């Protein structure tokens, strides 16, 4: 039995397979991690690695194939839809695209009232008070309540999405690439806002991103995901300063510096030979450290040091 | 010798009788043969509109109001639609940000790649296909023949962007315009795509106009940069000077934000607050004055000129640099 005390979210052996045209894709493959209260865990990986699917599985926007998700000690996958609805306000999502995630035909005031009205006991005056509070907390003006989403820039829209997400004072907010569609300065503002809100309300964030430089500023712990599984997980500094898994190193090397003299990161061409194809390790086809023991050894996320976990035969 | 591309006093806006609206306000820049130029700025500063106007792709509402665009000695704004069609795709190639929307989902990659070549180069279907295969190899796609028979939806974003790059260089253009070519891609793919563009530019001696809000991309790709703010060029210089020694307060903020995001262990980011003024907001003085921490009295009264920098070849639009007491006296007479 897993110890789920003190932990807000425990994900255990989660799997999800998609079928299309006779092809099966394991989007999430035996994924396990925990998230403590008030903590920010970042999940980083390239597009198609299953990070967004993970977020959707936790919200039950997609049905899980196998595994358990414990939220506040209760297995939310065992709940009926009706029972889950009661818990659902505690889990909120902020999506990547601020253009398609707000209803264009509703004013900002109405958009914000929607989640607040879930609490049927509130009076109209209380609802309005709450709306006013929300809009100022995310750094917009009271006058903005009568406007429609198209009147706002991408950054402002993302603020509205965040206001909607925090309306019910959730415990967990799943941020799925919340700043990827924004420019550099706006990214900075958004990260500051998320950080300040966390200080004020004590949310836990599951922060899904492909960009390590963004994650550096917001996360306490980082999990690196590759083809549906975590390949490395650790404290932020452990991952950035002493990365172990070759894929983490590849991601860190691919971050562009601001130097005008440095060459672009090199692309290593790796021949996909039979040994690599046979290997148990999913990363074998792209790994620069591939050797014989990688062929037969099974790879699992194992403790390397303290909270630093790696899934690579080189470190077990 | 004439430059490859010479843009003078380009003004883009909406030509309404009541109140004409300018979005891009009198910008000028040149691109030489084989030169790489970057345009940086926040979203909404007019970078993409500038690029679209170079290809004659502005819509019916938003028009070029003033200025000239000279490409190889020919005025683009004076050309008819038919003549522009001959130019675009042939002499100027464009790579867009969204590889999903830029490709037609109804046709195979091969058909889309061949069309441009058959139209502009007058080659046969067979020749075009052979050429396409070669191009796909050049952008790092190995199974070129199968790719040509496939449809866009069968590929990932990175693959589609490679196809788009291959298409944009199919007719050997002398200028490639890339509008945020890697913003939609993740870091590993971004590195690969940038490398491909850079190699192609070097090998085929093309000029590149790269538009991006990401200074690290600009730093790796271009020799010169212009910094745009609210439809104006506020600073231009070599990339090295812009990154290492920015002079305009806005450029300084951009560079600082880019460095801060990369620096370790900094929890609270000190980012420039406020937003770019909207085109309908009229400002008498410097457009950046409201957000500028060095703002002086004159800044909100009189628009600074685009002057040459003292130490470098670059140019700068800022009262701080003008520094002359004369200007300040002048401002006082205006205000009084």
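We did not get these values from a lab; they are worked out from the coordinates using the rules stated. These figures come from a predicted structure and were not determined experimentally. Cβ: placed from backbone, ideal geometry, glycine included. Neighbour counts: every protein chain shown.
For the segment B:213-224, counting C-beta atoms of other chains within 10 Å of every residue's C-beta and taking the mean gives 4.
Compared with the dominant Cα axis of chain B, that is its longest principal axis, helix B:325-335 is turned about 80°. Beta bridges from DSSP with both residues in the range A:7-254: antiparallel share about 55 percent, rounded to the nearest 5.
Considering only alpha-carbon pairs that sit under 8 angstrom and 6 or more positions apart, the relative contact order computed for chain A is 20 percent.
For the peptides A:166-175, B:304-313, the ranking by mean Cβ contacts within 10 Å, running from highest to lowest, is A:166-175, B:304-313.
Beta bridges from DSSP with both residues in the protein assembly as shown: antiparallel share about 60 percent, rounded to the nearest 5. For the pair residue A:220 and residue A:147, label points projected 7 Å from Cα toward Cβ lie 3.5 nm apart. With an a/c value of 1.5 or above and a/b larger than b/c for the gyration tensor axes a ≥ b ≥ c computed over the alpha-carbon atoms, the range A:7-254 is described as prolate. Taking the longest Cα principal axis of chain B as reference, the axis of helix B:109-121 is set at about 80 degrees. Between residue A:132 and residue A:21, the modelled label-to-label distance comes to 5.7 nm, taking each label 7 Å out from Cα in the direction of the beta carbon. Take each residue of peptide B:37-49, count the partner chain Cβ atoms within 10 Å of its Cβ, and average: the result is 2. Assign one of three labels to the protein assembly as shown, namely rounded, prolate or oblate, based on the Cα gyration tensor with a ≥ b ≥ c the square roots of its eigenvalues; rounded applies when a/c is under 1.5, prolate when it is not and a/b is larger than b/c, and oblate otherwise. It comes out oblate by the Cα gyration axes. Look at A:249, B:149, A:130 and count the other Cβ atoms within 10 Å of each Cβ; fewest to most, that gives B:149, A:249, A:130. If R0 equals 22 Å, the separation of the Cβ atoms of residue A:270 and residue B:205 corresponds to a calculated FRET efficiency of about 0.10.
Per-residue ellipticity at 222 nm from helix content only, as computed over the protein assembly as shown with -39500 (n - 2.57) for each DSSP H run of at least four residues, stands at -10000 deg cm²/dmol.
Reducing the range B:202-278 and the range A:216-279 to their Cα centroids gives an inter-centroid distance of 26 Å.
Cα centroids of the range B:1-62 and the range B:77-148: 25 Å apart. Compared with the direct C-alpha span, the chain from residue A:278 to residue A:6 gains 93.8 nm at full extension, assuming 0.36 nm per residue.
The modelled label-to-label distance between residue B:33 and residue B:156, using points 7 Å beyond Cα along the C-beta direction, is 4.0 nm.
Taking the DSSP beta bridges in chain B as the whole, what percent of them are antiparallel, to the nearest 5? About 60 percent, rounded to the nearest 5.
Who wins for biggest fluctuation among A:14, A:23, A:145 in a Gaussian network model of chain A, springs between alpha carbons below 10 Å? Per the Cα network of chain A with a 10 Å cutoff, A:23 tops the list.
Peptide B:254-262 is shielded by partner chain Cβ atoms: per residue, an average of 5 of them sit within 10 Å of its Cβ. Exposure proxy for B:239, B:283: other Cβ atoms within 10 Å of each Cβ, ordered fewest to most, give B:283, B:239.
Tell me, what is the FRET efficiency for residue B:263 and residue B:311 to the nearest 0.05, using R0 = 22 angstrom and their Cβ-Cβ distance as r? Given R0 = 22 Å and the Cβ-Cβ separation, E is 0.25. State whether the range B:57-167 is rounded, prolate or oblate according to the following rule on the C-alpha gyration tensor (a ≥ b ≥ c being the square roots of its eigenvalues): a/c under 1.5 gives rounded; otherwise a/b larger than b/c gives prolate, and the remaining case gives oblate. Prolate, since a/c reaches 1.5 and a/b exceeds b/c.
In chain A, the longest principal axis of the Cα atoms and the axis of helix A:124-137 are about 50 degrees apart.
Listed from fewest to most Cβ neighbours within 10 Å, the set A:17, B:108 follows the order A:17, B:108.
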